[in-house]
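What follows is a set of notes on a single structure, which appears directly below.
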Amino acid sequence: MHAFLFHTSWRIVPCARTSTCPFRHERAWDVDVGKRAMIEVVLNDRLGRKVRVKCNPDDTIGDLKKLVAAQTGTRPERIRIQKWYTVYKDHITLADYEIHDGMGLELYYD
C-alpha cells in the first residue's frame with residue numbers, strides 16, 4: 001500500500017466509481033454530515049442520581065435540559081448543566097461545546 005500524506009480532515013475510502021482506482025479521497029465532514037449518530041450524555045447530580053440521555057450533537061443545551069427534565073420530573077428552567085466551572089448556555093449546541101458520546105456533565109437544580 002502506498003503511503004500518502006493528507007490534511008487531517010481528509011480520509012481514504014474505497015472507490016465505488018471504477019475498478020481501476022483503488023482509492024477515492026473525500027473530506028470526512030462531507031461524508032459524515034448526513035449520518036450523525038446519536039450520542040449518550042451522562043449527567044451526575046452528585047446526590048446519587050446519574051441520568052443518561054440520548055441526543056444529537058446538533059441539539060442545544062436547552063433541548064438537553066428538556067430531555068433531562070422528562071426523565072427527572074424537574075422543570076427545565078430549574079436545571080443547570082455545567083462542567084467544572086463552565087455553566088453551559090441554553091442556545092449553544094452540544095457540538096459547539098465539544099460534548100461527545102459518553103461524556104459526563106454535572107447536573108444542578110436551581
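The values are calculated or read from the model by the stated rules, or taken from the named source; none is laboratory data. The shown structure was predicted, so the numbers you read here are calculated from the model rather than taken from an experiment. Glycine also receives a Cβ, built like all others from the backbone with ideal geometry; neighbour counts cover every protein chain displayed. Accessible surface areas use protein heavy atoms only, side chains included; no ligands, DNA or RNA. Shrake-Rupley method; radii C 1.70, N 1.55, O 1.52, S 1.80 Å.
Worth pointing out:
- For the range 39-87, alpha-carbon Rg over 2.2 N^0.38 Å: 1.07
- Inter-site label distance for residue 45 and residue 70 at 7 Å from Cα along Cβ, in nm: 1.8 nm
- Accessible surface calculations at 1.4 Å, restricted to protein heavy atoms, place the range 38-99 at 63 Å² per residue.
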